[in-house]
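Peer 1: Can you read through this structure? Questions will come right after.
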Amino acid sequence: DGLQVARSSHAVTPSSFTMTADGSRMVYLKSFDQSNLWLVSPRPSDAAGSVWTRQLTRGTALRRGPAVSPDGKWLAYIEESSDGADLYRLPLEGGTAERLTFTGLVASEGPAWSPNGRHIAFGGREDASVQLQTVATGGGLPHLFRNSRLPTMGEVTWAPGRRILHQI
């Protein structure tokens, strides 16, 4: 079936391998990245410094770039699976995650909420480059800023007002 290697947003290569002296056999490390999001909160009635944790996501996808909404009620993040990388939002108080993009081409380290919490900015692969995009938090088609060029896996930040900045 061929060589199976870890899939990630970065280069797809075996992470470690060794060959027999005659070159007839190879042993390689097959690893798949996965992660889940956890919420850490102070315990309201306990002593100072006491916290509790709650797992927010489950499964074998790789999740990155969690960003809390301006009102503190939602969490936006990027989830990478065999279908690619897409943007999700999840209510912090519990509930089901909502998928906001369906292209599998999200390329940011993390999303950025607009100051009013109505849109989320991110970098997405488009025409062999990464370009700035936004999507309404209620879903819908992403808006592509065609004249934008972002570095691969660059982070975006929403400045006060309507300006969106990116980091290299």
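Peer 1: Looking at Val51, Val68, which one is open to solvent by 40 Å² or more (accessible area, probe 1.4 Å) and under 13 Å from Leu37 (Cα atoms)?
Peer 2: Within the list Val51, Val68, the selection yields Val68.
Peer 1: Further question on the same structure: Identify all residues within the stretch 46-97 that are more than 15 Å from Arg118 (Cα to Cα), in a loop (DSSP other than H, G, I, E, B) and not small (Gly, Ala, Ser); write none if there are none.
Peer 2: Once the filter is applied, which keeps residues that are more than 15 Å from Arg118 (Cα to Cα), in a loop (DSSP other than H, G, I, E, B) and not small (Gly, Ala, Ser), the stretch 46-97 yields Asp46, Leu56, Thr57, Arg58, Thr60, Asp83, Leu92, Glu93, Thr96.
Peer 1: Let me ask another. Tell me which residues, restricted to the stretch 55-64, are among the small types (Gly, Ala, Ser) and buried (at least 18 other Cβ atoms within 10 Å of the Cβ).
Peer 2: Ala61
Listed here are the residues, each with its yes/no results for (1) modelled with pLDDT of 85 or more; (2) in a strand (DSSP E or B); (3) touching a Gly at 6+ places or on another chain (Cβ under 8 Å); (4) buried (at least 16 other Cβ atoms within 10 Å of the Cβ).
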position	(1), (2), (3), (4)
Gly110	yes, no, yes, yes
Asn116	yes, no, no, no
Gly124	yes, yes, no, yes
Thr134	yes, yes, no, yes
Gly138	yes, no, no, no
Arg162	no, no, no, no
His166	no, yes, yes, yes
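Peer 1: Within the stretch 140-150, which residues are in contact with a His (Cβ under 9 Å, 6 or more places away or on another chain), part of a strand (DSSP E or B) and modelled with pLDDT under 90?
Peer 2: Leu150
Peer 1: While we're looking at this one, here's another question. Which of the residues belonging to the stretch 102-118 are under 19 Å from Ile164 (Cα atoms) and under 16 Å from the mean Cα position of the chain (by Cα)?
Peer 2: Once the filter is applied, which keeps residues that are under 19 Å from Ile164 (Cα atoms) and under 16 Å from the mean Cα position of the chain (by Cα), the stretch 102-118 yields Val106, Ala107, Ser108, Glu109, Gly110, Pro111, Ala112, Trp113.
The values are calculated or read from the model by the stated rules, or taken from the named source; none is laboratory data. Note that the coordinates shown come from a computational prediction; the quantities given were computed from them, not determined experimentally. Virtual Cβ from ideal backbone geometry, glycine too; neighbours counted across all protein chains shown. Note: areas computed on protein heavy atoms with side chains; ligands, DNA, RNA excluded. Shrake-Rupley method; radii C 1.70, N 1.55, O 1.52, S 1.80 Å.
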